[in-house]
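For reference, the structure is listed below as structure tokens.
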Amino acid sequence: MDFVAFLNTIGTLFLLIVAGFVAYKTSVIDDVSTKKLSTVIVKIGQPFLIISSLLTQEFSAEKLRTGLFVMLLSVGLHVFMAAAAWLFSFRIRDIGMRGITEFALIFTNCGFVGFPILQSLYGDKGLFCGAFYLIGFHLFTWSWGLFVLTRGRDDVKLTVKNILVNFGTVPIAIGIVLFLLPFRMPPAVTEFTKYLGGLCTPVSLLITGALIATRRPREIFGKPIVYLVSFLKLILIPVAVACILRLIGLDSFYVIFGTVMAAMPSAALVTMFSEMYSLDSAYASQLVGITTLLCTGSLPLVVLFVKRLCGV
């Protein structure tokens with residue numbers, strides 16, 4: 001584990017958020033372009049990020065076993081985070097606000113922010129495991145995630161097709177097939193997927209900075225529930241995950257990996273879904289923006305804690 005590289009990555013992520021903030025304030029980015037860029041990331045950047053992380057790996061039975069175990073770990077962590085989110089949010093009276101809060105507590109930005117963090121800590125192994133972690137993430141996002149956001153509404157119907165066929169699960173299936181092939185793709189194909197996947201982190205963080213810039217400081221920082229959600233999301237839940245994974249005797253790699261994934265900021269999808277289903281997208285963007293900003297300070301502390309917990 002390269003902790004210095006990890007800290008450098010955290011600094012880079014913070015500067016990208018600042019760049020997005022400045023770009024919005026100077027009218028380089030506006031509301032229309034942020035929505036367009038969000039669509040590009042979800043429909044192009046994210047799929048190729050997933051495919052690239054699997055395409056660049058040499059197949060081995062050991063790697064496949066590792067990937068499948070990470071997928072099971074992802075499912076288990078999402079079940080735990082869903083339970084924790086429900087316990088905190090079920091008393092919120094406004095059903096729309098409750099859904100956004102619950103979603104933001106469950107789902108992390110494990111791809112756009114998580115992948116560069118994993119690469120700084122574990123190199124290509126981190127990216128490979130991150131791709132399998134996304135299987136559980138997307139299965140829960142397009143099922144339980146949509147359910148909590150649209151709870152009590154008759155105009156939104158969940159279908160098996162939406163859960164199994166979406167912009168997360170399809171590229172995962174493609175990536176796994178390519179990983180299992182007995183030959184490697186030509187370098188041009190590999191570099192093509194890397195270039196498009198490489199859009200995700202810088203563009204998504206520019207958008208996050210722009211979202212923060214859309215509100216006045218009082219609107220962004222003046223809502224107490226945002227800080228409570230941030231504390232639960234960035235500190236309490238990851239620490240609980242670390243302790244549970246350590247207690248059940250998992251290898252230190254999986255304990256640290258699972259904790260890092262749980263300690264990521266709220267998934268940017270909550271803002272997109274809030275706009276799609278006419279929810280409070282301003283509150284959703286607050287949660288995404290503030291948790292992403294605070295994550296640059298909280299994540300190093302969580303990583304130091306879990307490393308000491310594991311004795312590494």
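The values are calculated or read from the model by the stated rules, or taken from the named source; none is laboratory data. Note that the structure is a prediction, hence the values are computed from the model and not measured. Virtual Cβ from ideal backbone geometry, glycine too; neighbours counted across all protein chains shown. Just so you know, the surface numbers come from the protein's heavy atoms only, side chains and all, with ligands and any DNA or RNA stripped out. Shrake-Rupley method; radii C 1.70, N 1.55, O 1.52, S 1.80 Å.
Here is the figure for region 81-114: residues that are assigned to a helix (DSSP H, G or I), open to solvent by 10 Å² or more (accessible area, probe 1.4 Å) and in contact with a helix residue (DSSP H, G or I) (Cβ under 7 Å, 6 or more places away or on another chain) total 6. Among the β-branched types (V, I, T), open to solvent by less than 10 Å² (accessible area, probe 1.4 Å) and either in contact with a helix residue (DSSP H, G or I) (Cβ under 9 Å, 6 or more places away or on another chain) or over 23 Å from A83 (Cβ atoms) (or both): is that true of V239 in this structure? Answer is no for this residue.
Yes/no per residue for (1) touching a Gly at 6+ places or on another chain (Cβ under 8 Å); (2) closer than 19 Å to L149 by Cβ:
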{"site": "R246", "(1), (2)": "no, no"}
{"site": "D251", "(1), (2)": "no, no"}
{"site": "G258", "(1), (2)": "no, no"}
{"site": "S266", "(1), (2)": "no, yes"}
{"site": "F273", "(1), (2)": "yes, yes"}
{"site": "Y277", "(1), (2)": "no, yes"}
{"site": "Q286", "(1), (2)": "no, yes"}
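Considering the conditions (1) open to solvent by 10 Å² or more (accessible area, probe 1.4 Å); (2) not in a helix (DSSP H, G or I), T201 is excluded by exactly one of them, (2). Here region 267-300 is the region considered, the condition is being out of contact with any strand residue (DSSP E or B) (no Cβ under 7 Å at 6 or more places or on another chain), in contact (Cβ under 8 Å) with a residue 24 or more places away in the chain and in a loop (DSSP other than H, G, I, E, B), and the residue that is surrounded by the most Cβ atoms within 10 Å (Cβ to Cβ) is A268.
Selection of helices (runs of 4 or more DSSP H) fully inside region 115-184 by the criterion of at least 1 residues being exposed (fewer than 13 other Cβ atoms within 10 Å of the Cβ) and either at pLDDT below 90 or out of contact with any Phe, Trp or Tyr (no Cβ under 7 Å at 6 or more places or on another chain) (or both) returns 160-164, 169-180. The condition of being touching a helix residue (DSSP H, G or I) at 6+ places or on another chain (Cβ under 6 Å), more than 17 Å from G130 (Cα to Cα) and assigned to a helix (DSSP H, G or I) holds for only one of L54, L49, L7, L16, that being L16.
Pairs linking a residue in region 243-254 that is under 13 Å from V70 (Cα atoms) to a residue that is among the hydrophobic types (A, V, I, L, M, F, W, C) and modelled with pLDDT of 95 or more, with Cβ atoms under 6 Å and 6 or more positions apart or on different chains, are L245/V255. Filtered by the rule that a residue be over 20 Å from the mean Cα position of the chain (by Cα), free of Cβ contacts under 8 Å to residues at least 40 places away in the same chain and part of a helix (DSSP H, G or I), region 220-241 gives a lone residue, P224.
Report yes if some residue within region 242-263 is among the hydroxyl-bearing types (S, T, Y), open to solvent by less than 10 Å² (accessible area, probe 1.4 Å), assigned to a helix (DSSP H, G or I) and at pLDDT below 95; otherwise report no. No, that holds for no residue.
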